[in-house]
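K.L.:
Dumping the structure here so I can ask a few things about it.
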Amino acid sequence: MKAVFIDRDGVINKDRRDYVKSWSEFCPISGSIEALRLLRLHGYSIIVITNQSPINRKIIDRAELQEIHNNMVTMIKARGGDIEAIYYCPHVPEEGCDCRKPKPGLIYRAQSDYGLELSEICMIGDSLKDIECARKAGCGKAVLVRTGHGIEAERLCEEKGIVPDYVADDLMAAAKWLLVLDEG
């Protein structure tokens, strides 16, 4: 299975300081839905890997998150893309779980569920946590996008000596980079 891991907030949709709490607050980043379509057209299964602490913060419940995800998947399908699966961590950092990025628990679950060879998988995200998670899990590639928290994350990666394989302006640029690698 040819797959790519993609963070949600700040990569597919605009991130919010007060969290995306309803479908009405979900706002796709320009070009992101088209990028998902492009990846799908080139045989990629898209697996979303996302921290969703608003659940355990009691800001939203699992049903509300499921509604957001169902609507997101429907919108993406209507535009020619698809999401294979969504893995989310509901925990707050203080809970010390194994699934909150930068820990690789969600990636390991996806690996187990789909029989993935992580060295062949690319993780695309907008935060230092996404890049650290990809590295800890053994993903073959890690791409940082400058949308969302990406510009700050670029600086943090440099400070910590964590080097993404590529820094892209947005998800479309990341998708095109990945497709060029496929051709090489």
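K.L.:
When only Cα pairs under 8 Å and 6 or more residues apart are kept, what is the percent relative contact order across the chain?
P.N.:
24
K.L.:
Separate question: Dividing the convex hull volume of the alpha carbon atoms of the range 81-179 by its residue count, what do you get in Å³ per residue?
P.N.:
Hull volume over Cα atoms, normalised by residue count, gives 112 Å³.
K.L.:
Name the trypsin sites (Lys or Arg not before Pro) in the range 45-99 that are in a loop by DSSP and that have at most 14 other C-beta atoms within 10 Å, would you?
P.N.:
Filter output for the range 45-99: Arg57, Lys58, Arg79.
K.L.:
With viscosity set to 1.002 mPa s and temperature to 20 °C, compute the Stokes-Einstein D of the range 11-139, Rh being the Kirkwood radius across alpha carbon pairs; µm²/s, no decimals.
P.N.:
This corresponds to a translational diffusion coefficient of 140 µm²/s.
K.L.:
Please give the net charge around Pro164, taking every other residue with its beta carbon less than 15 angstrom from that of Pro164, where Lys and Arg add +1 and Asp and Glu add -1.
P.N.:
-3
K.L.:
Please give me the summed charge of the neighbours of His69: other residues whose Cβ is under 11 Å from its Cβ, Lys and Arg +1, Asp and Glu -1.
P.N.:
Combined, the nearby Lys, Arg, Asp and Glu give 0.
K.L.:
Pairs Lys14/Lys101; Lys101/Lys160; Lys14/Lys129; Lys2/Lys160; Lys21/Lys141; Lys2/Lys101: which are spaced more than 27 Å apart, C-alpha to C-alpha?
P.N.:
Pairs exceeding the cut-off: Lys2/Lys160; Lys21/Lys141.
K.L.:
Next question, about the same structure. Percent antiparallel among DSSP beta bridges with both residues in the chain, to the nearest 5?
P.N.:
If I count the DSSP bridges inside the chain, around 5 percent turn out antiparallel.
Values in this text are rule-based calculations from the coordinates and carry no lab data. None of the values given here were measured: they were computed from a predicted structure. Counting neighbours? That spans all protein chains shown, and the Cβs are built from the backbone with ideal geometry, glycine included.
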